[in-house]
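Heads up, the thing below is written out as structure tokens.
The values are calculated or read from the model by the stated rules, or taken from the named source; none is laboratory data. No experiment lies behind these values; they were computed from the predicted model shown. FYI the Cβ positions are ideal-geometry reconstructions off the backbone, even for glycines, and counts take in every protein chain you see. Just the protein is used for accessible areas: all its heavy atoms, side chains included, with ligands, DNA and RNA removed. Shrake-Rupley method; radii C 1.70, N 1.55, O 1.52, S 1.80 Å.
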Amino acid sequence: MTIRTKEQLNDFVKETVAHCPVTDIHTHLFAESFGDLLLWGIDELLTYHYLIAETMRFRPDLPYEQFWSMTKQEQADLIWQTLFIEHSPYSEACRGVVTVLNRLGFDLSKRDLNEYRAYFRSVTAEEHINRIMELAKVKTVVMTNDPFDDYERAQWDRGIRQDSRFQAALRIDPLLNLWDTSWSKLKDQGYNVTEDLNEQTLAEIRRFLKDWIKRMDPLYMAVSLPSDFAYPEASVRGTIIDECIIPVTREAGIPFAMMIGVKRKVNPALRDAGDSVGKSDIGAVERIVSRYPDNKFLVTMLSRENQHELAVTARKNRNLLVFGCWWFLNNPSLIEEITRMRLELLGGSVIPQHSDCRILDQLLYKWDHSRTIIAKVLCDKYGDLFDAGWRLEEDEIRRDVEDLSGGTFWKFLGRPDPALS
Ligand code: REL
Ligand code: ZN
């Protein structure tokens, strides 16, 4: 049906974006079969590292070690008291908790953590996964799977029960960022490597990657990279990228996902909350994607300053797919600015958002909040077309929204969307 008025247009866009099932291409969530790796519930929500960082700002006299020595429930109580009772929870991470509690139907006027806790104790992980994914309208999530993590490796060794809603991504940070300690972990896994990157070691790294690709069937191979990431580079990282990552991902037909711009552990006492951001050199991205036109690259960058040049670089290289507003960019003001700019430069050949959820329940807020902004930007873009005399069919809008919600991702991978089969 053709859309005839601006009002009709806005209503239809909002409705379509709000209800379109999404593929969440980067999360830290896990299928139930991974056991304790799957985090959910109120105490996990409150002890999200974003909220730990915010709490510590209001508690200058609390020694970090004292916080870490508390039980999870005590930490959650302190965070709730500090960020939700003594202050209003309008930071994006705090607002997220409020959205989740509201979407789960809790009485927010009571602000009673124990009542929320009782609910979470009363449901099983399986029930909760089904409920959250349905409410959030997320059909597929991509996990972050780390073959260097002993607990996770043990789960793969036991044999994972498949749940096609949870797809794997092979994460290899230790290989590229911490070779001086990770080479011995490869050795422990039976690969004949030495710290020196000789031909045999490089061949064994390739064997390691191929074995894990076979085992996990990942949608892509991923790494987070520091803000001073350089390419090409005569370094351990540069060598492993050229000699191992590039040929192995090309042969497997999977993208190499680079998440660039993190400064790890600027405040180690904050643990996971102690990482920060730095501006990166877009030249490194330009050089790697243009040097390997037969490889596919998924790229997200952490600093606001890199966003425009990243979108321009994607215009020049069709093997580069830009994704998400990562971490410190996942705030309404920045999502709006970045999404607007990307749609203007790239049309629908972009993945506007991923959630980065660490806790299952967060799917509710991360996607609710992002959908509202994506719809707002789309209304403006379609509205401009409307003013210029272009009349859209409902089916055309539906198609575009499906692409932005995951269709573009699956086409880039060259794989069918498992949720559609
Ligand atoms: O995948 C990553 O490297 C990051 O997204 C995480 O390290 C980070 O802690 C995450 O929670 C950010 O949202
Ligand atoms: Zn992440």
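Selection of region 99-130 for residues being free of Cβ contacts under 8 Å to residues at least 12 places away in the same chain, outside any loop (DSSP other than H, G, I, E, B) and within 26 Å of the chain's Cα centre (by Cα) yields Asn102, Glu127, Asn130. Taking each residue of region 60-80 that is in contact (Cβ under 8 Å) with a residue 12 or more places away in the chain and looking for partners that are among the hydrophobic types (A, V, I, L, M, F, W, C) with beta-carbon atoms closer than 6 Å, six or more apart or interchain, yields Tyr64/Ala269; Ala76/Leu46; Ile79/Leu46; Ile79/Leu51; Trp80/Leu46; Trp80/Leu113. Comparison of Val262, Val289, Val193, Val248 shows that the only residue that is surrounded by 15 or more Cβ atoms within 10 Å (Cβ to Cβ) and in a loop (DSSP other than H, G, I, E, B) is Val193. Is it the case that region 387-410 has a residue that's open to solvent by 30 Å² or more (accessible area, probe 1.4 Å), out of contact with any Pro (no Cβ under 7 Å at 6 or more places or on another chain) and closer than 30 Å to Tyr90 by Cα? No - not one qualifying residue is present in region 387-410.
Within the set Ala230, Ala203, Ala222, the sole residue that is in contact with a strand residue (DSSP E or B) (Cβ under 6 Å, 6 or more places away or on another chain) and either in a strand (DSSP E or B) or open to solvent by 30 Å² or more (accessible area, probe 1.4 Å) (or both) turns out to be Ala222.
Conditions (1) in a loop (DSSP other than H, G, I, E, B); (2) acidic (Asp, Glu); (3) over 20 Å from Pro21 (Cα atoms), marked per residue:
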{"site": "Phe328", "(1), (2), (3)": "no, no, yes"}
{"site": "Ile335", "(1), (2), (3)": "no, no, no"}
{"site": "Ile338", "(1), (2), (3)": "no, no, yes"}
{"site": "Arg342", "(1), (2), (3)": "no, no, yes"}
{"site": "Asp356", "(1), (2), (3)": "yes, yes, no"}
{"site": "Lys366", "(1), (2), (3)": "no, no, no"}
{"site": "Thr372", "(1), (2), (3)": "no, no, no"}
{"site": "Ala375", "(1), (2), (3)": "no, no, no"}
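Number of residues in region 342-361 that are open to solvent by 10 Å² or more (accessible area, probe 1.4 Å), away from ligand 2 (no atom under 13 Å from the Cβ) and of a type in the set (Asp, Glu): the value is 1.
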